[in-house]
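A short write-up of the structure that comes next.
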């Protein structure tokens, strides 16, 4: 991560605090241009609060830090993977307010006030979510790099489509890539999980 | 990604106060599906990012006297599922549903779809919008299989907007707001083909925000058909959006707009004219497709797109009258 431009400002802002941008210094012009009430943060690190797997988490990040980087590098939740980092592969998928999103294309600061659900909040080896269980039983992974993104995307999809056809599954999981080509297993797993999740007990 | 200050306005007035008279100073952030990647590639390196997602006035779809008013923050997912859109604006719902990933549909917004930058790999690779090297475009003799077959030179990229062709076919307008006031621009004039490297591919000015789209309420039969190499995680190769005003079973007037074949949505009056006063049948739809591509000027690797565009027109027309 480059910080060519940001260093001197960051130093200033750390001293000044979040609200300090409206004082003097390098950001004076922004402050003057800002109508009353327009909150400005950064470019230096600012404290933010994210709601991750139901718990509030405080961290201090620059506005340019993406949600995937915040999860992996600041909160130590490494289940979501950074692979393409350009909103194309799906390995970084998390649920935001119940909807699947690419966490590489969301700024962490932007995710405040939203409910963020990661693979860690869904499933564990001790207590497998029906989707994880179905992935395991249907051989729906090979190298495993895409798996956590696929499982999260699948849960988001099944929450919204409890009775999918195979065609629905194909389109509904169309935002995730598997380089090993485990799609047949993934689709079978999604259909099996849909049957097991009926009644919403594990949703 | 370069560092930036992050503004989080709650109103359009506050938001436009954060914009600047020149590009490069500030960028508007909505769904982020394009901007965040552009910033990672340093193609955009704004000093200030203006998040507009907390501006309530930019949300929602509703009927007004002028037609359907669609807020800039409406997501592709909301648009594709909206009962109001499905009822009278099928071409638009189909264009939104065609965007091939649930994650992108959950995040991507109407305003963002219209304002996203082209996917041309020369542009994305840092060669600029016109892909110029030594005063000459690299595209005509380069890797041009996904480039324009219409309107090329000096710009050969294709407009990346999925909604653009449908909105042009339906005669929609966009509302652009700056600190100085608001203006309405027909979507057909919102997309522009740049003649030099400093012009953007849209009419939005750096100090403006696209706040809403208004689609007139005329009763038309419409459809969008996309031709793709892959059904997932890819852009279409050619699309057609059609809107037909019917007189019984015959076409009174038609609007036929191609997508992903030119630097802007490509309106084909010749194709539309070929249908006037006729029923839409296999034969007339095929003739309209032929008329739509009669003036195509393919590059060294993309003649295949001429056939795809022709087929897209035919199938969109047949779908429009089917249901």
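Derivation of every value follows stated rules applied to the coordinates shown; laboratory data play no part. Just so we're clear, the structure is a prediction, and the values are computed from it rather than from any experiment. Every residue, glycine among them, receives a Cβ derived from its backbone with ideal geometry; neighbour counts consider all protein chains shown.
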Which of B:58, B:318, A:67, B:79 has the fewest Cβ neighbours within 10 Å, and the rest in rising order: B:318, B:58, B:79, A:67
Rounded to whole Å, give me the distance from the Cα center of the stretch A:91-156 to that of the stretch B:1-33. 30 Å
Sort out for me the Cα centre separation of the stretch B:205-273 from the stretch A:40-59, rounded to whole Å. 42 Å
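What does the convex hull of the Cα atoms of the stretch B:44-115 come to per residue, in Å³, rounded to a whole number? Don't jump to the answer; show the numbers that get you there.
On the way: hull volume 7.8 nm³, N = 72.
Each residue corresponds to 108 Å³ of Cα convex hull volume.
Output the antiparallel fraction of DSSP beta bridges having both residues in the protein assembly as shown, as a percent to the nearest 5. Present the calculation step by step, with values, prior to reporting the outcome.
Numbers: 59 of 68 bridges.
The answer is about 85 percent antiparallel.
Sorting A:46, A:75, B:187 on the 10 Å Cβ count, fewest up front, what's the list?
The order, fewest Cβ neighbours first, is A:75, A:46, B:187.
Per residue of chain B, what 222 nm ellipticity follows from adding -39500 (n - 2.57) for every DSSP H run with n ≥ 4, rounded to the nearest 500?
Values: 12 runs with 92 residues, N = 323.
The per-residue figure over chain B is -7500 deg cm²/dmol.
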Using a basic spin-label model with each label point 7 Å from the Cα along Cα→Cβ, how many nm lie between residue B:322 and residue B:66? 3.4 nm
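Sort B:33, B:249, A:60, A:118 so that the residue with the fewest other Cβ atoms within 10 Å of its own Cβ comes first and the one with the most comes last.
On the way: B:33 27, B:249 9, A:60 13, A:118 22.
Ascending Cβ contact count within 10 Å gives the list B:249, A:60, A:118, B:33.
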